[in-house]
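Colleague: Below you will find the structure I want to go over with you.
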Amino acid sequence: MAKILVLGAGISGHTAALFIRRKLKKEHEVIMVSPNSNYQWVPSNIWVGLGLMKPEQVKFKLEPVYKKQGIVYKQAIALSVHPEGYGNEQQPYVRIKHVSEDKIDQEEEVEYDFLINATGPKLNFAATEGLGPDNFTNSVCTYDHAEHSWKNLEASFRKMKAGEKQTFLVGTGHPLATCQGAAFEYILNIAFEITKRNLNHLADICWISNEYELGDFGMGGAYVKRGGYITPTKIFTESIFKEYGIRWIKRAGVKKVDGNTAYYETLDGEEEQINFDFAMLIPGFAGVGMKAFNKSGEDITSDVFAANGLMKVDADYSGKPYEEWKASDWPSIYQSPVYENVYASGIAFAPPHTISKPMKNKNGMAINPTAPRTGMPSGVIGKIVAENIVHRIKTGKNEHPHMASMSKMGAACIVSAGYGIRHGQAAVMTVYPIVPDYDKYPKWGRNINYTVGEVGLAGHWMKLFMHYMFLYKAKAKFLWWLIPE
Ligand SMILES: Cc1cc2nc3c(=O)[nH]c(=O)nc-3n(C[C@H](O)[C@H](O)[C@H](O)COP(=O)(O)OP(=O)(O)OC[C@H]3O[C@@H](n4cnc5c(N)ncnc54)[C@H](O)[C@@H]3O)c2cc1C
């Protein structure tokens with residue numbers, strides 16, 4: 001009998017737990033440790049942040065699903081990993097702290113034979129003074145944040161209806177933030193809602209970002225096939241912003257927010273500031289802060305985790321110069337290099353380097369997007385990690401027939417650009433591969449036939465369809481496993 005412990009019931013960990021449970025006999029135990037008793041379909045938080053969906057529409061209780069599937073659920077936070085056990089007890093375990101009302105603050109050691117760390121990102125608001133919903137800016141990263149953001153956005157809309165001008169600032173709230181795509185969706189939808197209310201004359205809508213050029217999105221930009229032409233995402237994004245009446249500030253590292261002012265440095269080294277009435281700025285991401293200890297109780301966190309707290313896997317972390325990195329530096333099986341029964345999936349694994357070119361201004365501030373961490377790869381990685389663990393348990397061999405390198409994997413992004421069955425819009429982009437491979441595709445870095453972008457109403461229908469389809473799948477309903485990641 002094997003014990004598989006999954007940490008984090010997000011897109012990646014939940015996918016992994018469901019697949020392992022489906023493929024392994026009941027004699028094996030699957031345990032999920034995750035602090036939020038709800039699953040949330042994060043991409044639809046954008047619509048919660050616009051008052052177009054309620055939090056109830058993007059979340060559901062995990063416990064009944066896990067009970068039905070035969071997965072043990074512990075509503076808790078993982079604190080530390082002990083991959084060698086402790087002392088003579090050589091059974092690996094994870095120390096957790098319960099957060100459910102009936103067991104609040106109780107600690108427990110949960111043993112495992114295989115561990116999947118899928119704890120996602122820590123939303124590191126603290127890395128930028130004054131950032132986040134407890135301070136001066138909004139967030140749409142969780143359904144709670146998004147609900148709070150909508151209250152503030154609605155208040156701005158009310159002021160505009162009363163004739164008051166409003167400035168909306170949306171983008172990245174840290175010089176090294178990623179997840180530009182979510183902010184991009186949010187700003188387009190804000191502009192769409194303002195137009196719908198005939199309030200454009202009272203709105204100043206501004207994008208602020210650490211990207212060198214618009215459309216970088218943390219993947220160094222892309223060339224997309226569009227209507228028979230090859231267009232850089234810079235032009236694609238700028239033309240959408242023009243159409244939506246959005247101005248932009250690029251190459252900006254936001255370092256502080258105070259009241260209604262955001263302070264930033266540019267890549268030229270200038271100190272600038274911008275006033276706003278409403279701001280939604282994405283924080284920097286880090287690992288969730290788990291520690292690791294060996295059997296003597298010595299701290300081995302730096303062996304297991306990278307400096308940013310994300311877990312090291314089968315990637316090249318040698319820190320070679322940006323110009324020398326290769327597609328093959330990216331991991332394909334997400335196995336820890338130090339403990340063969342430990343895996344990290346989704347955002348929890350440490351990327352070997354940024355895809356966008358690292359840049360610094362004359363004051364030494366690094367300003368560039370870090371690697372993109374989107375949902376589709378997170379789901380795919382969760383699935384292949386699950387399949388490999390199942391294979392290992394069934395065969396007893398340390399083999400990994402399933403691989404999912406981001407340099408060999410495509411991704412489809414549907415960026416909502418306005419909600420509505422008849423007048424909605426979305427920008428649909430596919431890239432293949434996510435991490436460009438200039439050895440294989442010397443001209444564009446990617447296969448141009450699979451790297452496309454279009455904007456239209458059909459994209460909105462697809463986005464809405466995906467909302468229902470992925471929630472159906474996450475609830476493990478009839479034939480859920482046939483729905484792709
Ligand atoms: C607003 C928004 C919109 C987005 N839209 C899109 C989109 O349209 N398309 C797309 O592809 N991607 C999108 N993304 C990105 C996508 O949501 C992420 O890539 C995806 O959620 C990552 O999955 P994950 O499982 O790695 O992490 P998460 O989904 O963050 O899950 C991590 C889980 O771990 C749990 N956890 C945290 N700490 C601990 C701990 N110590 N112990 C145990 N559990 C812990 C968390 O509670 C959570 O349940 C969007 C992101 C945002 C914020």
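The values are calculated or read from the model by the stated rules, or taken from the named source; none is laboratory data. Computed from a predicted structure; not experimentally measured. Heads up, the Cβs are rebuilt from the backbone with ideal geometry, glycines too, and the neighbour counts pull from every protein chain shown.
Colleague: For the structure I just gave you, tell me whether Phe305 is closer than 27 Å to Met359 by Cα, out of contact with any Gly (no Cβ under 8 Å at 6 or more places or on another chain), of a type in the set (A, V, I, L, M, F, W, C) and surrounded by 17 or more Cβ atoms within 10 Å (Cβ to Cβ).
Modeller: On the way: closer than 27 Å to Met359 by Cα: yes; out of contact with any Gly (no Cβ under 8 Å at 6 or more places or on another chain): no; of a type in the set (A, V, I, L, M, F, W, C): yes; surrounded by 17 or more Cβ atoms within 10 Å (Cβ to Cβ): yes.
Answer is no for this residue.
Colleague: What number of residues in the range 78-98 are buried (at least 19 other Cβ atoms within 10 Å of the Cβ), touching a residue at least 40 places away in the same chain (Cβ under 8 Å) and part of a strand (DSSP E or B)?
Modeller: 5
Colleague: Tell me, which residue of the range 200-219 that is surrounded by fewer than 22 Cβ atoms within 10 Å (Cβ to Cβ) and out of contact with any strand residue (DSSP E or B) (no Cβ under 7 Å at 6 or more places or on another chain) is nearest to Ile367 (Cα to Cα)?
Modeller: Result: Tyr212.
Colleague: Which numbered condition trips up Asn45, out of (1) crowded, with 20+ Cβ neighbours inside 10 Å; (2) more than 20 Å from the chain's Cα centre (by Cα); (3) in contact (Cβ under 8 Å) with a residue 24 or more places away in the chain?
Modeller: Here Asn45 clears every test but (2).
Colleague: Then there is this: Between a residue in the range 337-351 that is without any contact (Cβ under 8 Å) to a residue 12 or more places away in the chain and any residue that is among the hydrophobic types (A, V, I, L, M, F, W, C) and more than 9 Å from the ligand (Cβ to nearest atom), which pairs come within a Cβ distance under 8 Å, given they are 6 or more apart or on different chains?
Modeller: none
Colleague: From (1) within 16 Å of the ligand (Cβ to nearest atom); (2) under 30 Å from Phe470 (Cβ atoms); (3) of a type in the set (Gly, Ala, Ser); (4) not in a helix (DSSP H, G or I), pick out the condition that doesn't hold for Ser378.
Modeller: Among (1) within 16 Å of the ligand (Cβ to nearest atom); (2) under 30 Å from Phe470 (Cβ atoms); (3) of a type in the set (Gly, Ala, Ser); (4) not in a helix (DSSP H, G or I), the lone unmet condition for Ser378 is (4).
Colleague: Could you count how many residues in the range 48-64 are crowded, with 16+ Cβ neighbours inside 10 Å and either within 10 Å of the ligand (Cβ to nearest atom) or assigned to a loop (DSSP other than H, G, I, E, B) (or both)?
Modeller: So the answer is 8.
Colleague: Is there any pair linking a residue in the range 231-256 that is free of Cβ contacts under 8 Å to residues at least 24 places away in the same chain to one that is aromatic (Phe, Trp, Tyr), with Cβ under 8 Å and at least six apart or on different chains, and which?
Modeller: Pro232/Tyr223
Colleague: Asn189 is checked against (1) over 30 Å from Tyr334 (Cα atoms); (2) away from the ligand (no atom under 16 Å from the Cβ); (3) touching a Gly at 6+ places or on another chain (Cβ under 9 Å) and fails just one. What number does that condition carry?
Modeller: (2)
A quick yes/no check of all residues on (1) more than 15 Å from the ligand (Cβ to nearest atom); (2) surrounded by 24 or more Cβ atoms within 10 Å (Cβ to Cβ); (3) under 21 Å from Thr178 (Cβ atoms):
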| position | (1), (2), (3) |
| --- | --- |
| Ala386 | no, yes, no |
| Arg392 | yes, no, no |
| Gly396 | yes, no, no |
| Ser405 | yes, no, yes |
| Ile421 | yes, no, no |
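Colleague: Answer yes or no: is there a residue in the range 65-83 that is at pLDDT 95 or above, of a type in the set (S, T, N, Q), within 12 Å of the ligand (Cβ to nearest atom) and within 25 Å of the chain's Cα centre (by Cα).
Modeller: Within the range 65-83, one or more residues are at pLDDT 95 or above, of a type in the set (S, T, N, Q), within 12 Å of the ligand (Cβ to nearest atom) and within 25 Å of the chain's Cα centre (by Cα).
Colleague: Under 24 Å from Gly8 (Cβ atoms), under 17 Å from the mean Cα position of the chain (by Cα), at pLDDT 95 or above and part of a helix (DSSP H, G or I) - does that describe any residue in the range 404-414?
Modeller: No, the range 404-414 contains no residue that is under 24 Å from Gly8 (Cβ atoms), under 17 Å from the mean Cα position of the chain (by Cα), at pLDDT 95 or above and part of a helix (DSSP H, G or I).
Colleague: To continue, here is another question. Only one of Pro401, Pro321, Pro358 is in contact with a His (Cβ under 8 Å, 6 or more places away or on another chain) and farther than 24 Å from Gly289 by Cβ. Can you tell me which? Before you say what the answer is, go through the steps one by one.
Modeller: Details: Pro321 fails: in contact with a His (Cβ under 8 Å, 6 or more places away or on another chain); Pro358 fails: in contact with a His (Cβ under 8 Å, 6 or more places away or on another chain).
Within the list Pro401, Pro321, Pro358, the selection yields Pro401.
Colleague: While we're on this one: Taking the residues in the range 426-457 that are modelled with pLDDT under 90 and assigned to a helix (DSSP H, G or I) as candidates, determine which candidate is nearest to the ligand (Cβ to nearest atom).
Modeller: Tyr450
Colleague: Considering each residue of the range 267-306, count those that are in contact (Cβ under 8 Å) with a residue 24 or more places away in the chain and within 25 Å of the chain's Cα centre (by Cα), and give that number.
Modeller: Looking only at that region, the number is 19.
Colleague: For the range 130-151, which residues satisfy the criterion of being more than 16 Å from the ligand (Cβ to nearest atom) and not small (Gly, Ala, Ser)? Don't jump to the end; show me each part of the working.
Modeller: Restricting attention to the range 130-151, the residues satisfying the condition of being more than 16 Å from the ligand (Cβ to nearest atom) are 130, 134-136, 151.
Answer for the range 130-151, where residues must be more than 16 Å from the ligand (Cβ to nearest atom) and not small (Gly, Ala, Ser): Asp134, Asn135, Phe136, Lys151.
Colleague: Which ones in the range 99-129 are buried (at least 20 other Cβ atoms within 10 Å of the Cβ) and either more than 13 Å from the ligand (Cβ to nearest atom) or aromatic (Phe, Trp, Tyr) (or both)?
Modeller: Matches in the range 99-129: Tyr112, Phe114, Phe125, Thr128.
Colleague: Also: Residues being modelled with pLDDT of 95 or more, more than 24 Å from Ala127 (Cα to Cα) and part of a helix (DSSP H, G or I): count how many of those fall in the range 326-368.
Modeller: Within the range 326-368, residues that are modelled with pLDDT of 95 or more, more than 24 Å from Ala127 (Cα to Cα) and part of a helix (DSSP H, G or I) number 1.
Colleague: What's the total number of residues in the range 11-38 that are within 16 Å of the ligand (Cβ to nearest atom) and either surrounded by fewer than 22 Cβ atoms within 10 Å (Cβ to Cβ) or outside any strand (DSSP E or B) (or both)?
Modeller: First, the residues of the range 11-38 that are within 16 Å of the ligand (Cβ to nearest atom): 11-20, 30-38.
Next, only the ones that are either surrounded by fewer than 22 Cβ atoms within 10 Å (Cβ to Cβ) or outside any strand (DSSP E or B) (or both) stay: 11-20, 31, 34-38.
Within the range 11-38, residues that are within 16 Å of the ligand (Cβ to nearest atom) and either surrounded by fewer than 22 Cβ atoms within 10 Å (Cβ to Cβ) or outside any strand (DSSP E or B) (or both) number 16.
Colleague: Just checking, does the range 62-79 include any residue being closer than 24 Å to Gly309 by Cα and small (Gly, Ala, Ser)? Walk me through it before giving the result.
Modeller: From the range 62-79, those closer than 24 Å to Gly309 by Cα are 74-79; that's our starting set.
So of that shortlist, the ones also small (Gly, Ala, Ser) come out as 76, 78.
There is at least one residue in the range 62-79 that is closer than 24 Å to Gly309 by Cα and small (Gly, Ala, Ser).
Colleague: Oh, and also: Of (1) within 14 Å of Thr128 (Cβ to Cβ); (2) out of contact with any Phe, Trp or Tyr (no Cβ under 6 Å at 6 or more places or on another chain); (3) of a type outside the set (Lys, Arg), Ala252 satisfies all except one. Which?
Modeller: All conditions pass for Ala252, except number (2).
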